[in-house]
Amino acid sequence: MVRVSRNLYREAYEYIKEDSAQGNCIVFVSADVDSLCAALILQNLLKADMVAYKLVPVSSYKDLERAKEQLVIKDEDLVSIFMINCGGLIDAREFFEIEDFTKIYIVDSHRPLNLSNVDPRNLQVCVFDDDDDTERFDRVLDAYEAVTYNSESDSNDDTDDTDDESLDYRSKRRKLDKEREIHKTSRHKKREQRALLAGYYTIGSYHANSSAAILYELANQLSKSNNDLLWFAITGITAQYLYERIDTKKYIESIKIFRDDTARFNVNRGDEVSASDDGGGINIEDEYRFIFKLEQCRQIYAHMDINLKNRLRAKIEEVSPHYGLTELSYPSFTRCYGSTCTLSASDMVYAISAMLETSPATAVRLGQGTNTSENKEWKELPVNNTDDEEVNRESHRWWMKNFYQAHDALSKNSPDAVLRGIHLSMETQQAIARQVSAAIGKRVFRRYKTFRFLAINGGPELPMLQHPLALHRLALFTSDVYRASATRQSPLIIASLDEEHNSYLLVSFTGALMFGDIKRNSFAIAFQEIANTTSLSVSLEAIEPTVLYMKKDDLPHFIHKLNTMPL
């Protein structure tokens with residue numbers, strides 16, 4: 001059991017329960033919204049079954065390497081490693097060098113998967129898959145097995161005819177002709193298999209279904225789903241959709257399941273919802289893909305003009321066809337927090353994302369400083385004291401605190417922390433709008449053969465654009481601007497200068513012609529090739545393959561090299 005299809009989720013989870021009774025369990029979680037939602041679902045399941053675990057957030061493969069040295073290798077009783085959105089692209093068994101009795105369970109939306117993790121002979125790694133395009137994946141896996149394990153089949157099949165004196169000349173000739181034909185067919189098949197494998201790995205990076213949605217399906221199979229887990233799954237899938245990691249078709253497929261469960265957990269009684277105010281009732285509601293006027297944007301949703309909220313949808317549906325405006329809204333959900341406020345799924349996504357990406361110094365400057373999390377897991381996380389240069393860097397300290405603050409905000413029924421996150425998100429979005437508007441107006445975007453490039457080297461917005469999530473949002477906004485202006489879409493490379501460390505953070509984005517469509521990102525392959533074939537100081541330590549770091553002086557050479565590569 002290495003590739004866990006949907007009908008085997010429950011069986012795989014039972015293995016985790018059984019193994020954890022004999023030893024320890026570690027859960028590694030990538031620092032993004034979908035991963036955080038998936039982790040909360042898994043935590044609820046493990047707690048319900050009294051499975052002890054340690055939650056460890058990671059932002060890079062360097063973090064994983066450190067965790068391996070301090071948590072994995074030193075733990076002789078470790079039997080289960082769970083990886084959420086951080087293990088699918090590497091050979092997990094080889095990376096951790098685990099004992100034979102330790103198993104690794106991976107839920108990762110990143111694609112293409114490292115085929116070593118789904119190798120049928122690799123019994124120590126289990127990958128939860130969403131059954132998407134199973135037939136094609138099975139062909140790729142068959143090719144992987146054939147190329148990996150049958151490379152010497154030709155030599156093994158050679159026949160020594162020199163001693164066979166009993167056959168006459170014609171018989172020997174027919175036999176040799178037949179063997180040549182078999183070898184020719186075999187070589188042709190192997191070339192096809194190698195080409196299939198090459199195509200699988202070079203097709204570009206993309207995302208499969210939300211990890212939160214996969215773990216919510218597991219909760220359903222275990223009959224342990226509830227309103228809270230449903231809201232985590234809704235938030236996770238909404239993040240994937242808003243950040244253009246899944247297309248509209250996949251989003252709608254998940255939404256249909258969530259609609260049924262919303263009706264099941266929130267039974268309507270007239271105009272009221274039976275779910276308690278404390279628990280937070282969930283409602284089905286369309287969300288707009290644009291913003292209200294500035295005066296309304298500055299207000300909490302619950303305090304906005306009721307007439308505007310009630311009349312806006314009908315008015316838009318009436319006039320939008322006359323202006324060629326389509327898909328201005330999409331099906332989504334809201335959650336009521338008693339009489340305090342009502343928050344939409346997109347509110348949660350933007351708030352949690354802002355909490356993850358905003359440094360404490362920037363948050364304080366924006367008037368949205370938060371208290372340090374009192375989570376014991378945060379305090380007990382081991383630190384490699386020999387790596388003083390990196391540990392002392394603020395950027396490697398605050399992101400983990402942000403993770404636990406976002407974790408607390410998402411898991412609590414009080415909306416206070418989320419509302420702070422919404423204000424942070426609004427400030428960041430305004431900074432992004434100013435940055436993009438200025439860059440386009442001043443023609444700062446540089447047009448290359450296969451992409452557009454923007455380097456952010458200074459200005460008041462720079463401190464807010466020092467995190468991959470923030471740069472990804474900037475790329476999304478830029479893509480929307482070009483869509484609206486009917487400008488031909490080109491992939492984007494956005495670079496943000498880290499003045500303190502004299503380096504750049506780069507994010508690549510390949511926007512489709514229309515929102516709701518997905519275009520695979522081939523930059524990850526190009527980044528890897530440049531790192532392997534040049535002496536440029538390119539760091540591919542980020543979990544997200546479309547993100548990299550480099551020294552400031554190497555940026556011009558990197559962009560020049562990238563421009564010469566076919567994408």
query: In the stretch 428-457, what count of residues is obtained for those that are part of a strand (DSSP E or B) and hydrophobic (A, V, I, L, M, F, W, C)?
result: 4
- prompt: When both residues are 6+ apart or on different chains and their Cβ atoms are under 6 Å apart, which pairs have a first residue that lies in the stretch 440-457 and is closer than 23 Å to Asp553 by Cα, and a second that is among the small types (Gly, Ala, Ser) and not in a strand (DSSP E or B)?
  reply: Phe445/Ala439; Phe451/Ser490; Arg452/Ser490; Leu454/Ala439
task: Look at the stretch 508-540 and say how many of its residues are assigned to a loop (DSSP other than H, G, I, E, B), among the small types (Gly, Ala, Ser) and in contact (Cβ under 8 Å) with a residue 60 or more places away in the chain.
output: 4
field: Residue under evaluation Leu113, criteria (1) assigned by TED's automatic domain parsing to the domain that holds Leu8; (2) at pLDDT below 85, criterion not met
entry: (2)
- request: Name the single residue, out of those in the stretch 217-271 being among the hydroxyl-bearing types (Ser, Thr, Tyr) and assigned to a loop (DSSP other than H, G, I, E, B), that is farthest from Arg520 (Cα to Cα).
  value: Ser223
- prompt: Where in the stretch 1-90 are the strands (runs of 3 or more DSSP E), entirely inside, with at least 1 residues that are out of contact with any Phe, Trp or Tyr (no Cβ under 6 Å at 6 or more places or on another chain) and of a type in the set (Phe, Trp, Tyr)?
  reply: 24-30
task: Check the stretch 371-378 and report whether any residue there is part of a helix (DSSP H, G or I), among the aromatic types (Phe, Trp, Tyr) and either at pLDDT 75 or above or at positive phi (or both).
output: no
- prompt: Under the condition of being among the aliphatic types (A, V, I, L, M) and surrounded by fewer than 21 Cβ atoms within 10 Å (Cβ to Cβ), which residue from the stretch 1-25 is modelled with the lowest pLDDT?
  reply: Met1
statement: Going through (1) surrounded by 12 or more Cβ atoms within 10 Å (Cβ to Cβ); (2) modelled with pLDDT of 65 or more; (3) of a type outside the set (A, V, I, L, M, F, W, C) one by one, His396 fails only at (2)
message: Name the residue that is surrounded by the fewest Cβ atoms within 10 Å (Cβ to Cβ), counting only residues in the stretch 541-565 that are farther than 15 Å from Phe453 by Cβ and in contact (Cβ under 8 Å) with a residue 60 or more places away in the chain.
response: Glu541
task: Give the residues of the stretch 518-557 that are of a type outside the set (Val, Ile, Thr), over 17 Å from the mean Cα position of the chain (by Cα) and within 22 Å of Ile203 (Cβ to Cβ), sorted by residue number.
output: Ala526, Phe527, Gln528, Glu529, Ala531, Asn532
message: Residues to consider are Pro556, Pro566, Pro460; find the one that is in a helix (DSSP H, G or I) and either at pLDDT 95 or above or over 27 Å from Cys86 (Cβ atoms) (or both).
response: Pro556
- prompt: Being among the polar types (S, T, N, Q) and within 24 Å of Gly87 (Cβ to Cβ), is that true of even one residue in the stretch 535-543?
  reply: yes
query: In the stretch 443-458, which residue that is out of contact with any strand residue (DSSP E or B) (no Cβ under 7 Å at 6 or more places or on another chain) and among the charged types (D, E, K, R) is surrounded by the fewest Cβ atoms within 10 Å (Cβ to Cβ)?
result: Arg443
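The values are calculated or read from the model by the stated rules, or taken from the named source; none is laboratory data. Since the model is a prediction, treat every value here as computed from it, not as a measurement. When we count neighbours, we look across all protein chains shown, and the Cβ atoms used for this are built from the backbone with ideal geometry, even at glycine.
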